[in-house]
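What follows is calculated from the coordinates using simple rules that are stated; it is not laboratory data. Because the structure is a prediction, the values reported are computed rather than measured. Here Cβ is always computed from backbone atoms with ideal geometry, including for glycine, and neighbour counts include all displayed protein chains.
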Amino acid sequence: APRPYSPDDHYRDIIRAIGALRGHAKEISIVMPNLYEGRQHKGSAKESLDCSLALQELESYGIKRIVTFDIHNDGVANAIPKTELKNIHPTKPILWDFINNEDFDPNKTITISPDEGAIKRASYIRDVFDNQLAFFNKERDQGKIIDGKAKILGHAFIGTPSMVRGKDVIIRDDIIDSGGSMIDTIKQMKNLGAGRVFVIATFSLFSRGYEEFDKLYEEGYLYKVYSTNLTYVPEELAQRPWFHCTDCSRQLAEYLAYYKNEQSLNELNQTDPEM
């Protein structure tokens, strides 16, 4: 039977590959679509300590650049001042898929950030569709850690029911892990009278399975989840009627081609969302 491959396993394989290549390659770049980083933090100054240490180790090996997608907090780049860290935003190809697959009126939608950390990502969608933006405030008890996460004391919608009632809702976040906060957001939106509820998340891990999302779909709370192939998408997830996977291979290939040909990234950056 297949054995789960942890982020630590992947990272150590990268270190082994670097060891084999050092002294032979002209330069070494690393493509890590889902950056090796911690999700839980107590403040910006302590953001993703394991990620900072890993990046510093890679820099010590003379890595020229690290290419990744949708970093939770791009301030971690300060840990490696001598190495280029390129953070690619996949919102553009996801929205392209969304626009081509869904029949919707942008004027009858609202964009939702499930917490303060996702406001920047949600703001880009708001700007594209020229609709309203609202968010949730997530209050945590940092003194009580459950399953590696601070206990959530409250998850309150900062807005009015009239903003949501009768409108399609687009919830934007960077990741669905256990899905607890996302499930609560979906339910609150529907209970406030929303029409269809869409979720756009770069990484879909569903570490606690898909059953809760199946139930949300069957009961009419959830319409569809748009995500990417930047993490492994099992066939059982890909076949679910509520899941759509956006292929980001072309976007990544464009950046790698510019690097290979030593071209300026300015042209790509001008059209890169959330810059």
*Taking 7 Å along the Cα-to-C-beta vector as the label spot, tell me the GLN56-GLU116 distance in nanometres, rounded to one decimal.*
2.7
_Along the Cα→Cβ direction, 7 angstrom out, place labels at GLU27 and TRP96. What is the inter-label distance in nm?_
2.6
*Work through the residues other than LEU222 whose Cβ is under 11 Å from its Cβ and net out their charges, Lys, Arg +1 and Asp, Glu -1.*
+2
*asked:* 7 Å from Cα along Cα→Cβ at both GLU211 and LYS108: what's the point-to-point distance in nm?
replied: 3.7
*PRE reach from TYR258 (point 7 Å along Cα→Cβ): which of segment 62-93 fall under 12 Å by backbone N?*
86-89
*Interatomic Cα distance distribution for segment 90-143, bins of 5 angstrom, percent*: 4, 18, 23, 24, 14, 7, 4, 3, 1, 0
*If you keep only loop residues by DSSP, which trypsin sites (Lys or Arg not before Pro) in segment 76-142 have at most 15 other Cβ atoms within 10 Å of their Cβ?*
LYS82
_Net charge within 13 Å of GLU59 by Cβ-Cβ distance, Lys/Arg positive one each and Asp/Glu negative one each, not counting GLU59 itself?_
+1
_Just to confirm a number: summing +1 for Lys and Arg and -1 for Asp and Glu over residues other than PHE69 whose beta-carbon lies under 10 angstrom from that of PHE69, what do you get?_
-1
